[in-house]
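A short write-up of the structure that comes next.
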Amino acid sequence: MNLDYHALAPEIIVSVTILVVLALDVALPRRLKYWTALAGVVGMALAAVPLATLAFGDDPTTRSMLNGGYVVDDFALVLKAVFIVGGYLVLLMSVSYIEADRYYQGEYYLLLLASILGSLIMASSRDLITMFVGLELVTGPLFMLAGWRKGDSKSNEAALKYFILGVLSTAIHLYGMSFLYGLTGSVSFDGIRDAGAGLVETGAFRLAVLFTIIGFGFKISAVPFHFWAPDTYEGAPTPVTAYLSVGSKVAGFVGLLLICYRAFPDVTEIWGPALWVLAAVSMTLGNLTALRQDNIVRMLAYSSIAQGGFILVPFAAAAVSNDATVIAEAASATITYLIIYAFMNLGAFAVVIAAARRTGTASIKGWAGLGTYAPRLAVFGTIFFFSLAGIPPLAGWYAKFVMFLSILRPQSGWATALAVIAAINAVIALVYYANVAKSMWMDPVPADASHDTEQVQPVAGTLTLSMGIAAAYVLVAGVLPSQFAGVFAKVAEVVTAGL
C-alpha cells in the first residue's frame with residue numbers, strides 16, 4: 001500500500017493538531033485552556049501550506065492511494081481549501097464565544113477539528129468505504145457539539161433531534177450502500193458505474209440509488225429531511241451552527257457530487273427526478289417559512305434549507321441532458337454556488353454572533369437601528385445578507401447567475417419549470433434578507449434598548465478578522481468572478497471525467 005505523505009499532509013497536520021489540543025487540554029489548568037484555541041487556529045493555518053505546494057508545485061499530477069479509493073486531484077484540493085479556510089473562520093468565531101460563556105474549551109476544539117478532518121477525507125474519497133468514514137467523522141462530533149450548552153434545554157433538544165434523525169439517515173444511507181456493493185460487487189465509484197449500467201431496470205438497484213441519495217438529503221438538510229435543522233441551529237452554540245450550515249452541508253454536497261457524477265452517471269432517470277423534487281420543495285418551503293421568522297438564527301436555518309435547494313438545481317440540469325458540455329457546466333455551477341455560499345453564510349453567522357452580543361438579542365426587531373450605534377457591524381451584515389439574496393456586485397449574484405445558466409442550457413420543459421420556480425424563490429428570498437438590512441438601517445432603535453457604549457465590550461479581534469476574510473472574498477468574487485470561473489470549471493472537469 002503506497003502512501004503519498006505530501007498529498008496526505010493536510011490531513012496529517014490536522015490530526016497532529018487534534019493530538020496537540022488533547023495534550024494541552026489534559027496538561028493545562030482551566031485558566032490556561034485558551035491555548036487549545038490558539039493551537040487549533042495555528043494548526044488550521046499550517047494545514048493550508050501543503051495545499052498550496054500541491055496546487056502550485058512542479059508535479060501537479062493526480063495522486064492516487066488505497067487502490068484508487070483515496071485521490072488528491074484538483075477537485076479534492078479546491079474543496080479541501082474551502083474546508084480548511086471555513087474551519088479556520090469557525091475557529092476564529094469560536095474563540096471569544098467559548099471563552100465568554102466559559103464552556104469546556106479543549107473538548108470543543110478537539111471535536112470541531114475532528115469534524116473538519118472528516119470533511120478533508122470526504123473531498124478525496126473515491127469509494128463507498130472511504131466516503132462513509134469521512135461522512136460519519138464529519139457528523140459524529142457534531143452530535144455532541146450541538147448540545148454543548150449542557151444547562152440549556154434548547155441545546156439539549158437540538159442535540160437529541162440531530163442525533164436521532166442523524167442515526168436514522170445513516171442507517172438508510174448505509175443500507176443503500178450495502179445494496180450497491182451486493183449488486184455491483186464493487187465499492188469504488190468507477191466500479192459501480194461500470195456494473196450499474198446493466199442494472200438500471202432492476203428494482204433493487206433503483207432502491208439502492210434512492211436510499212443512498214436519501215442519506216445525503218439529511219446531510220444537506222433538504223426537504224423533507226430538514227426537520228432537525230431549525231431547532232438544532234437555534235439550540236446549538238452559534239459557531240457550531242455556522243459550521244453545521246457550511247462545513248457539514250458542503251461535505252454532504254461533495255458526497256452527492258461524487259456519487260451522482262462518478263458512480264451514477266448512467267442512471268439519471270432514477271436520481272434526476274428525485275433531486276428535481278428536492279430542489280423545488282426545499283427552495284419553496286425554506287423561503288416561505290423564513291419569511292415568518294423573527295429570530296435571526298431560525299431565519300438563517302430556513303435560508304440554509306432554501307440555499308440547499310438552489311444548489312440542487314444544477315443536478316436537475318445534468319439529469320435531463322446527454323451533452324457532456326452541459327453536464328460539466330452543471331457540475332461547475334454547483335461547485336461555484338457551494339464555495340460562494342460557504343463564505344457568505346459564514347460571514348452572516350459571524351455578524352449574528354457579534355450583533356447578538358452587542359444588542360443582547362437574536363431577534364431581527366432587536367437589531368433595529370444597529371447602523372446608528374454599530375455601523376461597522378451593520379455594513380458587514382448588509383454585505384452578507386445582500387450577497388445571500390444575490391444582489392450585485394456581491395458574490396451571491398454570480399452564484400445565482402451560473403445556477404440559472406445551467407438549468408436553462410438543456411432547453412427541456414422540466415428544466416425550464418425548475419428555473420421558473422427558482423426565479424420566484426429568488427424574489428421571495430430577497431424580501432426577508434432585505435428586511436434584516438431595513439431593520440438595521442431604517443428602523444428606529446427600540447425605546448427599551450440600552451446601548452451604552454461604555455458598558456459594551458468591543459467586538460473581539462478574532463471575530464472581526466473572520467468577518468473581514470469572508471467579506472473580502474464575497475466582494476472580490478462578486479466584482480471579479482472570471483478570476484474564479486476557470487478554476488471551478490477545471491474542478492468540474494475532474495468530477496465529470498469519463499462521461
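Details
- Here is the list for region 254-326: trypsin sites (Lys or Arg not before Pro) lying in DSSP coil, each with at most 15 other C-beta atoms within 10 angstrom of its C-beta, are ARG292.
- Distance cut-off 25 Å, percentage of C-alpha pairs in region 54-161 lying past it: 33
- Working ranking of peptides 62-68, 219-225 by packing, defined as the average number of other Cβ atoms within 10 Å per residue, highest first, is 219-225, 62-68.
- Once divided by 2.2 N^0.38 Å, the Cα radius of gyration of region 371-429 becomes 1.46.
- A DSSP coil position with no more than 15 other Cβ atoms inside 10 Å describes the following trypsin sites (Lys or Arg not before Pro) in region 118-201: LYS150.
- Using only side-chain charges placed at the Cβ, +1 for Lys and Arg and -1 for Asp and Glu, the dipole size of region 267-499 relative to its Cα centre rounds to 160 debye.
- Descending semi-axes in whole angstrom, ellipsoid equivalent of region 267-499, from the Cα gyration tensor: 36, 19, 12
- Along the axis of the charge dipole computed for region 267-499 (Cβ charges of +1 for Lys and Arg, -1 for Asp and Glu, origin at the Cα centre), the listed residues ALA419, ALA301, VAL379 are led at the positive end by VAL379.
- Nearest 10 degrees, 0 to 90: helix 375-389 Cα axis against the chain principal axis: 20
- Label-point gap, in nm, between ASN322 and THR416 - each point 7 angstrom along Cα→Cβ: 2.1
- Simple Cβ-charge dipole of the chain, Lys/Arg +1 and Asp/Glu -1, about Cα centre, in debye nearest 20: 860
- Taking a straight line from the alpha carbon of LYS490, these lysines sit under 24 Å away, with near neighbours fewer than eight places off in the same chain left out: LYS80, LYS249, LYS400.
- Restriction of the chymotrypsin sites (Phe, Trp or Tyr not before Pro) in region 5-105 to DSSP coil positions whose beta-carbon has at most 11 other beta-carbons within 10 angstrom yields TYR5.
- By the beta-carbon count within 10 Å of each Cβ, the least crowded to most crowded order of LEU112, LEU285, fewest first, is LEU285, LEU112.
- Pairs over the 24 Å Cα-Cα cut-off, from the set LYS154/LYS438; LYS154/LYS219; LYS161/LYS438; LYS219/LYS365: LYS154/LYS438; LYS161/LYS438; LYS219/LYS365.
- Taking only the Cα atoms of region 245-317, the ratio Rg/Rh comes out at 1.05, with Rh defined as the Kirkwood radius.
- Longest site-free stretch - the chain; sites: GluC sites (Glu not before Pro), DSSP loop, at most 11 other Cβ within 10 Å: 202-453
- The orientation-averaged projected area of the convex hull spanned by the Cα atoms of the chain comes to 22.3 nm².
Each reported figure results from applying straightforward, stated rules to the coordinates on display, with no laboratory input. Every value quoted in this text rests on a predicted model; they were computed, and no experiment measured them. Heads up, the Cβs are rebuilt from the backbone with ideal geometry, glycines too, and the neighbour counts pull from every protein chain shown.
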